[in-house]
Amino acid sequence: FEHTADVGLRVRAGDVNELFTDAARGMFSLIVDDLDHVRPLMTERFSISAGSLEDLLADWLSELLYAFETRKVVLVQFDVQVIDSTLVATAAGEPFDSQRHTVGNEIKAVTYHGLTVKRTPSGWLAEVIFDI
């Protein structure tokens, strides 16, 4: 969704694991224009604990953004398990290749402004705004 000088991501899913998976994939779809060209050639493991689901989502996406910024890895497949406020995940992708991947948005940070994670009558909903 549109937000002044930023970009927002709204995710709906049937369960919390799918919600965190889709949020990760959604963030990378903002960073790289066509995720279909990203191959799952390498894997990375993540383990994160936080005080709330909102904090966990922000920390998860920040950790993924850090992986992209520091190691230039684009991740596209996610196996996420959220239990209480702990996340354990394996992510697969490949190093960014400017010959094969096109950068979409330069995300500077995951923000807490308007950050939402909640159960709804139809499943789960998350909203997160990225500073671009």
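The values are calculated or read from the model by the stated rules, or taken from the named source; none is laboratory data. Being a predicted model, the structure only gives us computed values, none of them experimental. Heads up, the Cβs are rebuilt from the backbone with ideal geometry, glycines too, and the neighbour counts pull from every protein chain shown. Surface accessibility is based on the protein's heavy atoms, side chains included, excluding ligands, DNA and RNA. Shrake-Rupley method; radii C 1.70, N 1.55, O 1.52, S 1.80 Å.
For the range 81-100, state whether one or more residues are farther than 16 Å from A24 by Cβ and either among the basic types (K, R) or open to solvent by less than 10 Å² (accessible area, probe 1.4 Å) (or both).
Yes: one or more hits.
Do you know which residues across the range 101-128 are open to solvent by 90 Å² or more (accessible area, probe 1.4 Å) and among the polar types (S, T, N, Q)? Outline the logic, then answer.
In the first step, residues of the range 101-128 are kept if they are open to solvent by 90 Å² or more (accessible area, probe 1.4 Å); the result is 106, 108, 112-113, 118-119, 121-122.
S122 - this is the single residue of the range 101-128 that is open to solvent by 90 Å² or more (accessible area, probe 1.4 Å) and among the polar types (S, T, N, Q).
Tell me the residue from S47, S29, S62 that is touching a residue at least 60 places away in the same chain (Cβ under 8 Å) and farther than 17 Å from W124 by Cα, please. Working first, answer last.
Working: S47 fails: touching a residue at least 60 places away in the same chain (Cβ under 8 Å); S62 fails: touching a residue at least 60 places away in the same chain (Cβ under 8 Å).
Every option except S29 fails the conditions.
What is the one condition in (1) open to solvent by less than 10 Å² (accessible area, probe 1.4 Å); (2) of a type in the set (G, A, S); (3) not in a strand (DSSP E or B) that G51 does not satisfy?
(1)
Given the condition open to solvent by less than 60 Å² (accessible area, probe 1.4 Å) and part of a helix (DSSP H, G or I), answer yes or no: does some residue in the range 37-48 qualify?
Going through the range 37-48, the residues open to solvent by less than 60 Å² (accessible area, probe 1.4 Å) turn out to be 38, 44, 46, 48.
Those still in the list that are part of a helix (DSSP H, G or I) too: none.
Scanning the range 37-48 turns up no residue that is open to solvent by less than 60 Å² (accessible area, probe 1.4 Å) and part of a helix (DSSP H, G or I).
What number goes with the only condition from (1) open to solvent by less than 80 Å² (accessible area, probe 1.4 Å); (2) free of Cβ contacts under 8 Å to residues at least 24 places away in the same chain; (3) not polar (S, T, N, Q) that V16 does not pass?
(2)
For every residue, the table says whether it meets (1) among the small types (G, A, S); (2) within 19 Å of I129 (Cβ to Cβ); (3) in contact with a His (Cβ under 7 Å, 6 or more places away or on another chain).
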site: L9; (1), (2), (3): no, yes, no
site: G14; (1), (2), (3): yes, no, no
site: D22; (1), (2), (3): no, yes, no
site: L35; (1), (2), (3): no, no, no
site: L41; (1), (2), (3): no, no, no
site: F46; (1), (2), (3): no, no, no
site: D55; (1), (2), (3): no, yes, no
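Output the number of the condition that A23 fails; it satisfies all remaining conditions of (1) surrounded by fewer than 17 Cβ atoms within 10 Å (Cβ to Cβ); (2) closer than 19 Å to G104 by Cβ.
Tallying (1) surrounded by fewer than 17 Cβ atoms within 10 Å (Cβ to Cβ); (2) closer than 19 Å to G104 by Cβ, A23 fails exactly one: (1).
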